[in-house]
1. When only C-alpha pairs under 8 Å and at least 6 residues apart count, what is the relative contact order of the range 4-144, in percent?
2. May I ask for the Kirkwood hydrodynamic radius of the range 4-144, worked out over all distinct Cα pairs and given in angstroms to one decimal?
3. Calculate the length of the line joining the C-alpha centroid of the range 1-66 to that of the range 84-145, in whole Å.
4. For the peptides 56-63, 128-135, 3-10, what is the packing order when you average, over each peptide's residues, the other Cβ atoms within 10 Å and list the highest mean first?
5. Counting Lys and Arg as +1 and Asp and Glu as -1, each charge on the Cβ, what is the dipole of the chain about the Cα centre in debye, to the nearest 20?
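Quick note: the coordinates plus some simple rules give every number you see, no bench work behind them. Everything numeric here is computed off the predicted structure, so don't read it as measured data. Here the Cβ positions follow ideal geometry from the backbone for every residue, glycine too, while neighbour counts run over all protein chains shown.
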Amino acid sequence: MSSTIYILNGPNLNLLGKREPEIYGHDTLADVETSCAAVGAPLGLSVKLLQSNHEGELVDWIHEARTQGAGIIINPAAYSHTSVAILDALNTFEGPVLEVHISNIHKREAFRHHSYVSARAEGVIAGFGVEGYALAMRRMGTLLG
Ligand code: DHK
């Protein structure tokens, strides 16, 4: 049986592909799911990709992953910079956590430079576009291998 990787996405990422494509690109979350599933299959990893515009729903999915997920890849989007609740939830999860930002948050406004989630993540990918998710899947294979 394959292990499940939760790929959690925060606010406004439902608009990925349509929203500010000069920053976030033209690929959609459906494209991300397809590429991550392709990377995961030979590694024995399946993906459960979820997106919410609501902080509490992301917290609930992290709690679900405690019993049903082997690892979490999370792009908390704007909640990266504000959410102690998401950090606290991730601290209850025992498996690996990898943080992804599509854009290079360090090249952007100063308020995007700090992420609460980075205090928990085993690794952080920023500025690799949506390819960052697939790279994080590959790393999950190593961490869980
Ligand atoms: C996505 C967002 O929506 C922003 O709020 C973050 C992140 C950056 C990204 O690069 O994926 O600041």
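1. Numbers: 260 pairs, mean separation 39.8, N = 141.
Contact order relative to length: 28 percent.
2. Numbers: mean 1/r = 0.0680 Å⁻¹.
14.7 Å is the Kirkwood radius here.
3. 12
4. Numbers: 56-63: 17.4, 128-135: 19.1, 3-10: 23.0.
Final packing ranking: 3-10, 128-135, 56-63.
5. Numbers: 10 positive and 15 negative charges, 50 e Å.
Dipole about the Cα centre, nearest 20: 240 debye.
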